[in-house]
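Student: A single structure is presented below for examination.
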Amino acid sequence: MQGGKEDEEEVLRCQINEWYPMFKPHTIRTLFHPLPDPFVRYLLGLNPVSPAPHADSHSDDDDDDDAPPPFLLPRPASGRDPLPRPAVGIDPTSLLDCSSQLSVSDEDEAEADSAPSFPELEAAVERSIAALGGAAFPKLNWSAPKDAAWISTDGTLRCSSFADVALLLHSSDSIAHDLSYRPLPSSSSFPPFTFYLSLRKWYPSLRPEMEFRCFARCCGLIAISQREVTNFYPALLDRRHHILPLIQTFFSEVVGPTFESQNYTFDVYVTSDGRVKLIDFNPWRAFTLPLLFTWEELEEWAFNSEEEGVDKEQEEEEARLVEFRIVESQCGVRPGLKTAVPYDYLDTGEGSGWDQFLRRADEELRKQAQTTLHPGDDA
């Protein structure tokens, strides 16, 4: 039970809202928003408004209430829709049926009216995005919706509006994993648990090859891995010997003396002028990816160090021998979340359902364009 409590505390320390105040000078500017329960329910695919506790249990609408609501982006409180939408209400699946007639129906309008609205959260998020320069990178307590980047207009996590944030969060399995977390009753050393939306300043010039994951075991840095392992970056081969001591110094002077956990991982970014910026913390093992390592070898190194016991001189020697791995050739590239697109969307070959959808959508758009240019042709 004691071990469970220790593990729980290590997980809680890795929340960005917990560690950010301690490392604010060494990380990216971030603004926080506690998430109201209705918005959390919305992200989980539930009705944002919980049913009344004394509702009639024999209501004819029981089945409808139990069913998950359709996915709708929140209705903008300002009345300004930040996302482009078709002028005509089109059900994409109807394009697979040649006989279907496209029209604006009362059902479409009712669905639009039923879209949830979170005016206070929306206003706060819009203010924060403006304060961060007009674009932000969203994240919850632990995770960012990287697995949902494919759904954004530019394939990144860049958000310039509340609707952008809601779309990414709602579409991410990583975010759903965060929202499934429930703290143990024994976690009394932490304040009452709250889900937070963290908006981090967006830097379009960041280079993915300069981000690294560092592994700390028993308060010591034992390994470093390139964070972006889905590409080969030849420049890293020459720069690795310059990067390693920068990260080691950052750990010994900033992270190690401040972060309270003994076992954890942390991600850093090395700037072109040699500064190291803290990006994130993650628990040891748990749901954290070991990237170019395996957890078995990391555990073995840590176990051997504990068994042998080390004096200060040995400790300093081991610090110089931190295992640093990068992708050293095109053959070393590893698949990752970069291709996290629903499988059905990948099947775009001739004759596939998605291929038919795209063809008929294209035909329908051409017809609409012709009707707009020649409105009297059908008269």
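Student: Which of the residues that make up the stretch 209-237 are surrounded by 14 or more Cβ atoms within 10 Å (Cβ to Cβ), more than 15 Å from residue 292 (Cα to Cα) and of a type outside the set (A, V, I, L, M)?
Tutor: 217, 220
Student: Give the residue that is surrounded by the most Cβ atoms within 10 Å (Cβ to Cβ), with candidates limited to residues of the stretch 174-191 that are among the polar types (S, T, N, Q) and in contact (Cβ under 8 Å) with a residue 60 or more places away in the chain.
Tutor: Out of the qualifying residues, it is 187.
Student: Criterion first (at pLDDT below 65 and surrounded by 12 or more Cβ atoms within 10 Å (Cβ to Cβ)) does residue 82 satisfy it?
Tutor: Taking the combined requirement at face value, the residue satisfies it.
Student: Any residue in the stretch 192-218 that's over 28 Å from residue 230 (Cα atoms): show its pairings with residues that are part of a loop (DSSP other than H, G, I, E, B) and of a type in the set (Val, Ile, Thr) at Cβ separation under 7 Å, as long as the two are six or more apart or on different chains.
Tutor: Final answer for the pair search is none.
Student: Tally the residues that are in a helix (DSSP H, G or I) and either touching a strand residue (DSSP E or B) at 6+ places or on another chain (Cβ under 7 Å) or at pLDDT 95 or above (or both), restricting the search to the stretch 149-162.
Tutor: So the answer is 1.
Student: Pick from 205, 186: which is part of a loop (DSSP other than H, G, I, E, B), of a type in the set (Gly, Ala, Ser), modelled with pLDDT under 95 and within 20 Å of residue 8 (Cβ to Cβ)?
Tutor: Just a single option satisfies the conditions, and that option is 186.
The values are calculated or read from the model by the stated rules, or taken from the named source; none is laboratory data. Note that the structure is a prediction, hence the values are computed from the model and not measured. Glycine also receives a Cβ, built like all others from the backbone with ideal geometry; neighbour counts cover every protein chain displayed.
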